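Here the structure comes first, spelled out in structure tokens, and everything after it is commentary.
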Amino acid sequence: QVQLVESGGGLVQAGGSLRLSCAASGSIFSINFMDWYRQAPGKQRDLVATITRGGTTNYADSVKGRFTISRDRAKNTVYLQMNSLKPEDTAVYYCNANLYDDVLRKYTDYWGQGTQVTVSS
């Protein structure tokens, strides 16, 4: 069984910063890529940032220059450093990992439980 546990959400004023963490554990042979998504009330879940096995990163246009995704491969953990936060960044942030499950013996997507980020104006 694989688990993704997120932490680091909270309430912050506009212009502030937060750092999210997502730790993967369980029957993991290798991780292909890890993502951060977010979902605001009444809206669809959108991709925020991706980091591949090789360290390549991609960002949604709305967060470029403000958010940074990074990864500690030894700890199977991905981070999202969020700076210059805006009220429109308010959402539940979800971690996703595409990994080779050693029990299922295949690549599978797993999701974290989500962490709330609220940015006040």
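The values are calculated or read from the model by the stated rules, or taken from the named source; none is laboratory data. Remember, it's a predicted structure, so these values are computed and weren't measured experimentally. Cβ sites come from the backbone with ideal geometry, for glycine too, and all protein chains shown count toward neighbours. Accessible surface areas use protein heavy atoms only, side chains included; no ligands, DNA or RNA. Shrake-Rupley method; radii C 1.70, N 1.55, O 1.52, S 1.80 Å.
So how much slack lies between residue 108 and residue 47, counting 0.36 nm per residue of separation and subtracting their Cα-Cα distance, in nm? Don't skip to the answer; put the middle values down first.
Working: separation 61, 0.36 × 61 = 21.96 nm, distance 1.77 nm.
Working it through step by step, the gained length comes to 20.2 nm.
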Reduced to Cα centres, the span from segment 1-30 to segment 37-112 in Å works out to 9
Distance in nm between residue 39 and residue 86 label points, each 7 Å along Cα→Cβ, equals 2.3
Placing each pseudo-label 7 Å from Cα in the direction of the beta carbon, residue 56 and residue 72 end up separated by a distance in nanometres of 2.6
With the 1.4 Å probe rolled over protein heavy atoms, the chain has an accessible area per residue in Å² of 53
Restricting to lysines and to Cα separations under 17 Å from residue 64, and discarding same-chain partners fewer than 8 apart, the set is 86
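What is the extension gain from residue 27 to residue 3, computed as 0.36 nm multiplied by their sequence separation minus the C-alpha to C-alpha distance, in nm to one decimal? Each step should come with its number before you reach the end.
On the way: separation 24, 0.36 × 24 = 8.64 nm, distance 0.90 nm.
That works out to 7.7 nm of additional length.
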The ratio Rg/Rh over the Cα atoms of segment 25-76, Rh being the Kirkwood inverse mean 1/r radius, stands at 1.03
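On the protein heavy atoms, probe 1.4 angstrom, tell me the percent of accessible surface of the chain carried by carbon and sulfur.
Values: 3010 of 6390 Å².
Here carbon and sulfur together make up 47 percent of the probe-accessible area.
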So, with points 7 Å from each Cα along the Cβ direction, the residue 100-residue 19 label distance in nm works out to 3.1
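Normalise the Cα radius of gyration of segment 39-109 by 2.2 N^0.38 Å (N = residues in it) and let me know the number.
Numbers: Rg = 13.9 Å, N = 71, 2.2 N^0.38 = 11.1 Å.
Its radius of gyration relative to the 2.2 N^0.38 Å reference: 1.25.
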